[in-house]
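Encoded as structure tokens, the structure appears first; notes follow it.
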Amino acid sequence: MSENTTFCVIPEIGRRHKMLSIATDNPKENIMTQSQATTQRGTALITGASSGIGALYADRLARLGYDLILVARNRERLNALAQRISNDTRRTVEVLEADLGQAQSLALVEDKLRSDASITLLVNNAGIGTHTPLLQSNVDHMTDMIALNVTAPTRLTYAVVPGFVARGQGAIINISSIVGVAPEVLNGVYGGSKAFVLAFSQSLHHELAAKGVQVQAVLPGATATDFWAIGGLPVEHLDPAIVMPADQMVDAALVGFQRGELVTIPSLHEEDAWTRFETARQGLASKLSANVPAARYTAAH
């Protein structure tokens, strides 16, 4: 069984808090006030928090006023990150060692989400991927990918949402990917898993927005993390013009979260392109079901 570790540093008189500055087009949004940094916003539970995007979310959310529960497999990394964040921000940071690909560990995190009413934000960040095509991929690895990328965020969301609805507030950030809408780019199972995260987020928003629960799907493009090396393709082999620094990606995603966006694509400069895409998709919905086949599929055609 995993054990929890909590880091809590008593504030020092006169200690200065580091402020988070998120760059946007609006200068007024680039400044975080002292009250924002010291306001208690509840607790954010972040999966895959020991490195990369998850660790950056932990740092930024603590500076925004959240206490943290950091979930990952590597306790040593979690402890080091938790100690640093607690020292820097004076926030309470709890470490929960768990392998979300394993049912027993996943159940521990589900129990935490059900029982801890201080949790106001769930960040479903944990995931794995690969760039290898079907014929070069191990199907057992693909099954593990589905467990972590699909099953885990589904079960964690189901665990936390009833409490959010009962309290009339809460938020979920789901880390998807641009391959959720461009599955040809990488491995099909990875793309399919991220398409699920996007569709799941859109459905959750439709169901929960009126109940006080905010949902955001973040679709990063290529991002400079160890994701690529773990998948067998070092990030140095990619075109630098398409690779975004991880800190910039997370800061941009949090601007989208603060703006209440359902879908945030930090690397998409033409904002209207997504609006047109969504308008076309939603407009198609009413035309997708009928009581007779389309003429092109009938013998008389």
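The figures follow:
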item: Summed side-chain charge close to residue 247 - residues other than residue 247 whose Cβ falls under 11 Å, Lys, Arg +1, Asp, Glu -1; result: -1
item: Pairwise FRET efficiency - residue 114 versus residue 281, Cβ, R0 = 35 Å, nearest 0.05; result: 0.55
item: Additional length obtainable on full extension of the chain from residue 138 to residue 41, 0.36 nm per residue less Cα span; result: 30.7 nm
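Readers should treat all values here as calculations from the given coordinates under stated rules, not as data from a laboratory. Here the structure is a predicted model, which means the values were calculated and not measured. So basically every Cβ, Gly included, is an ideal-geometry build from the backbone, and we count neighbours across all protein chains shown.
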